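Quick notes on the structure that follows.
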Amino acid sequence: MAAAGTCGTGTRSTGSMVAAASTNNVTSFQRRGPRASGADSGCSRLVSIAGTRPSVRNGQLLVSTGLPALDQLLGGGLAVGTVLLIEEDKYNIYSPLLFKYFLAEGIVSGHALLVASAKEDPADILQKLPAPLIDDSYKKECDEDVCSHKMEPDIKMKIAWRYQLLPKMEAGPVSSSRFGHYYDISKRIPQELIETSKWHGFFLPEKISSAFNVESCSLTPGYMKLLQFIQNIIYKEGFDGSNPQKKQKNILRIGIQNLGSPLWGDDICCTENCDTSHSLTKFLYILRGLLRTSLSACIITMPTHLIQNKAVIARVTNLSDTVVGLESFIGSEKETNPLYKDYHGLIHIRQIPRLNNLIYDISDVKDLAFKLKKKLFTIESTSSRAHGRSSCGTMLRYPTAGRVESSQTRDQTLIPCISRQIRYRWTTREIPEYIFNYISGQV
Amino acid sequence: MFPELNNLLNTTPEGAEQGKLTLLCDAKTDGSFLVHHFLSFYLKANCKVCFVALVQSFSHYNMVGQKLGVSLTTARERGQLVVLEGLKSAVDIFFRPQEEPHPLQFLREANAGDLQPLYAFVRDALEPVDCGEAAWRCPVLLVDDLSVLLSLGVGPVAVLDFVHYCRATVCREWKGNVVALVHDSGDAEDEESDVLLNGLSHQSHLILRAEGLATGFCKDVHGQLRILWRRPLQPTTPRDRSLTYQYKIQDKSIFCCEPSSEPYSL
């Protein structure tokens, strides 16, 4: 597995190219305890790659997914060498956002990109990426949102008090942080950032000619070409360490959109028993093999809600490392559920890999929901919202709607006479906390 | 290896039984900790191990093995461990076609036939070498996991044939052990997986089944482990024995306890 250090070719072990967590962390992060020596002897000292950081648990090299809230839920970030599978929501409205965040993060961190799509030209996809928020503008965003709820000016102090309660949360954007950035969806990424970035595009209609030669392999031609393209880029650009002269190591971020849809030539979404039923799973297996032996991370969006055969979904999940499912409320009965009134959908963390370890970092928070604001995509926990706090540090700046009403009723009523609207909003578990707040004068 | 699990199974590395097929299966949870347990167990028991690692890379198993007290790289250098790395070999065979038959030959074929090349690989790896010194105790085949073979296009009957051949050679002829992990798809209606699981359950001597809790995610209890002893070797013990424990995986060990009869109080 990729870790903070990689070996030079002289010590290429018969195992995977990138070694286990090495002793060569040049970051200030210090590990206690015995280091895994393994195949690390003779590794050259690696300058840390921009946009990556070692995991707290085992020194695994992580990259950001572009959404700091999602990074936190995945245990710090996406491990290099793994696949992040996003199960698309029903109308494919929100999953392209996660896809774009991932790619935008790659551009901002200076990573190389490989964008594959059967529907849209990769050049067009890159044009539509969100613009990164510089720290001042992010604070302005928060202030705007805070003011729009007509909060008192000293609410920020109370947020700081809240931070004390949740020491494990990540702080907001730190100006010197190079891991995880915030993006403004309403603005496009500046053209010069795209031009300075190194990207490779794979647009299926261009790559596949009408008279395709019949391969003796059971992969559909689209997948076959994509795998060859990816392997070619990895080998040529030296992401698998095959070019030791290259001084500056970099990460390759691969993004594959709508994998499994009929546009890729795969009819797994059309029929229950199709001839090429193993094509997708074989593709994922070989892709993972490519990723494990190179410095790359991959995001795949897949319309799993279209796959007829449930067994295939289970197999695809087992063959991927991290699986996140999006479920939007559009058209479902949850749209009218009062608990989900402020959200656009639910986000399910279906699988997190245990890499180089017996255990993994799993967030205690379940019941996660997402919301697409005008400029930001945010993730909150529906259950802890009741307590006035949320699971993700980024969300602490957005006071819940319940608070607004509580501040309105503060002058008018005593606690027993809570207005009907509040009683409708707040369940019985929430009220004690509210009472505590009211008594201590914090609200 | 986990000493707690050894206690539950009533085995020690010195007194490991021979000629057994152990089936590991998981449902709604990740049963790979059992694979790590048996890998380090048999390495400590001084057995020759052939490890068909189809799911993760070698360094992953190595790192976990070091937490459990064995070094896979040293074992490999000594010749005690032969590893087939599925992910790496798949890339090799897919992009650079080999001349001689490769264990994962079926990846290149449209209709994946049978697993004969894989069986040949296992046989060559575990064949007892007739040299003067008694090198290793008994050969062991460890497969992680067989459900991946189904995903790669091999039919369940072909996988069952492969296990049958391995059992005949490794367990019966060479008095070794075979350990394999299979995923139970549960309600995903995976017929092929059910065929494979049922077929293997009938053949195996010991079944360890890691299940997720029926009530969902719990921080303190990661799941439930069911141990089923089948086919007792002594004809005097008539019935199959079964035990159930709840477990929690920690960094280097596992904590097992009896399932409580009281409902979990919040």
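The set of residues in the range B:57-66 being at the interface with another protein chain (Cβ under 8 Å from one of its Cβ atoms) and either in contact with a strand residue (DSSP E or B) (Cβ under 8 Å, 6 or more places away or on another chain) or among the hydrophobic types (A, V, I, L, M, F, W, C) (or both) consists of B:Ser57, B:Phe58, B:Met63, B:Val64. Kindly evaluate B:Asp190 against the criterion of being at the interface with chain A (Cβ under 10 Å from one of its Cβ atoms), without any contact (Cβ under 8 Å) to a residue 60 or more places away in the chain, buried (at least 23 other Cβ atoms within 10 Å of the Cβ) and farther than 13 Å from B:Val122 by Cα. Here the answer is yes, as B:Asp190 does meet what is asked. Within the range A:185-203, residues that are modelled with pLDDT of 90 or more reach partners that are surrounded by fewer than 18 Cβ atoms within 10 Å (Cβ to Cβ) with beta carbons closer than 7 Å, at six or more positions or on different chains, in the pairs A:Arg188/A:Gln127; A:Arg188/A:Lys128; A:Gly201/A:Ala123; A:Phe202/A:Phe229; A:Phe203/A:Asp121. Quickly run through the range B:148-164 and pick out the residues that are under 16 Å from the mean Cα position of the chain (by Cα) and more than 14 Å from chain A (Cβ to nearest Cβ). Passing the criteria: B:Leu160, B:Phe162, B:Val163, B:His164. Residues in the range B:42-93 that are among the β-branched types (Val, Ile, Thr) and more than 15 Å from the chain's Cα centre (by Cα): B:Val64, B:Val70, B:Thr73, B:Thr74, B:Val91, B:Ile93.
For beta carbons closer than 9 Å, sequence separation of 6+ or different chains, a first residue in the range B:159-180 that is more than 24 Å from B:Ala45 (Cβ to Cβ) and a second that is open to solvent by 10 Å² or more (accessible area, probe 1.4 Å) and β-branched (Val, Ile, Thr), the qualifying pairs are B:Leu160/B:Val195. Just one residue in the set B:Leu72, B:Leu43, B:Leu68, B:Leu34 is under 28 Å from B:Ser185 (Cα atoms) and in contact (Cβ under 8 Å) with a residue 24 or more places away in the chain; that residue is B:Leu34. Taking the criterion of being open to solvent by less than 10 Å² (accessible area, probe 1.4 Å), touching an Asp or Glu at 6+ places or on another chain (Cβ under 9 Å) and closer than 26 Å to A:Ser261 by Cβ, the residues of the range A:68-109 that qualify are A:Leu78, A:Gly81, A:Thr82, A:Val83, A:Leu84, A:Leu85, A:Asp89, A:Ser95.
Those helices (runs of 4 or more DSSP H) of the range B:1-113 in which at least 3 residues are buried (at least 18 other Cβ atoms within 10 Å of the Cβ) and either basic (Lys, Arg) or modelled with pLDDT of 90 or more (or both), considering only elements entirely within it, cover B:32-44, B:58-67, B:72-78, B:86-95. Please indicate, with yes or no, whether at least one residue in the range B:69-81 is at the interface with another protein chain (Cβ under 7 Å from one of its Cβ atoms) and over 22 Å from A:Gln228 (Cβ atoms). Looking for residues that are at the interface with another protein chain (Cβ under 7 Å from one of its Cβ atoms) and over 22 Å from A:Gln228 (Cβ atoms), one finds at least one in the range B:69-81, hence yes.
Scanning the range A:275-282 finds no residues that are of a type outside the set (Lys, Arg), open to solvent by 10 Å² or more (accessible area, probe 1.4 Å) and under 22 Å from A:Pro54 (Cα atoms).
A count restricted to the range B:225-254 and to residues that are open to solvent by 60 Å² or more (accessible area, probe 1.4 Å), aliphatic (A, V, I, L, M) and modelled with pLDDT of 85 or more stands at 0. Considering the range A:284-317, and only residues there that are among the charged types (D, E, K, R) and closer than 15 Å to A:Gly260 by Cα, the residue that is surrounded by the fewest Cβ atoms within 10 Å (Cβ to Cβ) turns out to be A:Lys310. The C-beta contact set for the range B:90-112 (first residue more than 10 Å from chain A (Cβ to nearest Cβ), second residue of a type in the set (Phe, Trp, Tyr), distance under 8 angstrom, 6+ apart or interchain) comprises B:Pro103/B:Phe121. Determine whether B:His222 is in contact with a Gly (Cβ under 9 Å, 6 or more places away or on another chain) and either open to solvent by 10 Å² or more (accessible area, probe 1.4 Å) or over 30 Å from A:Gly289 (Cα atoms) (or both). Spelling it out, B:His222 is indeed in contact with a Gly (Cβ under 9 Å, 6 or more places away or on another chain) and either open to solvent by 10 Å² or more (accessible area, probe 1.4 Å) or over 30 Å from A:Gly289 (Cα atoms) (or both). Taking the range A:1-104 as the region of interest, the strands (runs of 3 or more DSSP E) fully inside it that hold 1 or more residues being at pLDDT 90 or above are A:61-63, A:83-87.
The values are calculated or read from the model by the stated rules, or taken from the named source; none is laboratory data. Here the structure is a predicted model, which is why all the values come from computation and not from measurement. Here the Cβ is made from the backbone with ideal geometry for all residues, glycine too, and neighbour counts use every protein chain on show. In case anyone asks, the SASA skips ligands and DNA or RNA and just uses the protein heavy atoms, side chains included. Shrake-Rupley method; radii C 1.70, N 1.55, O 1.52, S 1.80 Å.
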